[in-house]
Amino acid sequence: MKRYVFALFSAFSLSACAQGTSSPEVTPAAESATGAVTAAENASPGTPAANARNAILSINPRVGIESVSDAPLPGFQEVIVSGQVLYVSDDGRYVLQGSLFDAEEKRDLSQAGLSLLRKRLLSEVPEDQRIIFAPANPKYTVSVFTDVECGYCRRLHEEVADYNKLGIAIEYLAYPRMGPGSDDFRLMESVWCADDRRQALTDAKSGRRVPPKTCENPVGAHYALGQRAGLTGTPMIVAEDGTQMPGYMPPDALLSALQRLEAEGGGSR
């Protein structure tokens, strides 16, 4: 039974480049989480929010709860846990994992909460902690969690000028898939510590040597943020409204996707 409930919080789908074999570190809920978490923590015993929170913590007291709110499904709370969406019955007894699809509106309702989470988390990352490749007046901006060893990450970077020509700014965050302590992690720290981070990133993704360098850097924070945002592989492309794209997308395909988001009311400045 314990193995089963652990799997409840450990299942990930694959994206363009799979993560490394190291297990993601489980961290307590962040202090910067939304008010919904605070409300659940302070809720009177027996309320749906408190019941949902207690149910999750009874399974794993160290898991990071990002938010608790009323679910689109009557009688359930929507709980975002370590980048995944769970649905907990108001009495705290039943926990459902997976997408909640509205057959009438033809959309995945579970993505709405995750998009809001990603948007909030990314808004906390200052510009000077990103490596930015942007045209003079970008029409669209995407955040990209990247790894220098990932084949599709390298392919995206090879085409960065083409994204820029289409009016798309690429703002990189670090996600060394092999995890802290790995050569991959140390290389990405050297990139972020370089005097010319843009050139160092290009060199690393081209297989050229990047001089080892240490400094105070955001690589560890980016890695943790990626886990909280539900990252399952790199590159993870996130639009400004928090929508996650399906892995690597060629420049024209990404532009079309961003234009669709804009038409629906999100995704552009």
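Once you order the gyration tensor axes a ≥ b ≥ c over the Cα atoms, which shape class does the range 60-117 get: rounded for a/c under 1.5, otherwise prolate or oblate by comparing a/b with b/c?
Numbers: a/c = 2.18, a/b = 1.35, b/c = 1.62.
Taking the square roots of the gyration eigenvalues as a ≥ b ≥ c, the range 60-117 is oblate.
Over the range 128-231, give the accessible area per residue in Å² for a 1.4 Å probe, as an integer.
Per-residue accessible area for the range 128-231 comes out at 44 Å².
Amide H neighbours of E240 under 5 Å, at least 5 residues apart or on other chains, H built in the peptide plane: list them.
Under 5 Å from the amide H of E240 lie the amide H atoms of T141, G267, each far enough along the sequence or on another chain.
If you stretched the chain out fully between K106 and A253, how much longer would it get, using 0.36 nm times the residue separation minus the C-alpha to C-alpha distance?
Gain on stretching K106 to A253: 50.8 nm.
May I ask you to derive the FRET efficiency for D91 and N137 from their Cβ-Cβ distance with R0 = 45 Å, giving the value to the nearest 0.05?
Efficiency computed from Cβ-Cβ geometry: 0.25.
Report, for the range 92-211, the % of DSSP beta bridges that are antiparallel, rounded to 5.
On the way: 5 of 12 bridges.
Close to 40 percent.
Please give the Cα centre distance for the range 51-99 versus the range 163-221, rounded to the nearest Å.
When both Cα centres are located, 35 Å separates them.
Using r as the Cβ-Cβ distance of Q199 and A263, and R0 as 30 Å, what FRET efficiency do you calculate, to the nearest 0.05?
Efficiency for this residue pair is about 0.25.
Which of the three applies to the range 146-269, rounded, prolate or oblate, going by the alpha-carbon gyration tensor with a ≥ b ≥ c and a/c under 1.5 meaning rounded? Walk me through the intermediate numbers first.
Working: a/c = 2.16, a/b = 1.61, b/c = 1.35.
Because a/c hits 1.5 or more and a/b exceeds b/c, the range 146-269 counts as prolate.
Between K213 and D70, how many nm apart are label points set 7 Å from Cα along the C-beta direction?
5.3 nm
Could you pull out every residue, at least 5 positions away or on a different chain, whose amide H is within less than 5 Å of the one on D70? Hs are placed 1.01 Å off N in the peptide plane, and Pro or chain starts have none.
E78
Shape verdict for the range 156-218, please, from the Cα gyration tensor: rounded (a/c under 1.5), prolate (a/b greater than b/c) or oblate.
It is prolate, given that a/c is not under 1.5 and a/b is the larger ratio.
Set the Förster radius R0 to 30 Å, insert the Cβ-Cβ distance between R62 and S99 as r into 1/(1 + (r/R0)^6), and round the FRET efficiency to 0.05. Numbers along the way, then the final one.
Numbers: r = 25 Å, r/R0 = 0.85.
Calculated transfer efficiency: 0.75.
The values are calculated or read from the model by the stated rules, or taken from the named source; none is laboratory data. Being a predicted model, the structure only gives us computed values, none of them experimental. FYI the Cβ positions are ideal-geometry reconstructions off the backbone, even for glycines, and counts take in every protein chain you see. Just the protein is used for accessible areas: all its heavy atoms, side chains included, with ligands, DNA and RNA removed. Shrake-Rupley method; radii C 1.70, N 1.55, O 1.52, S 1.80 Å.
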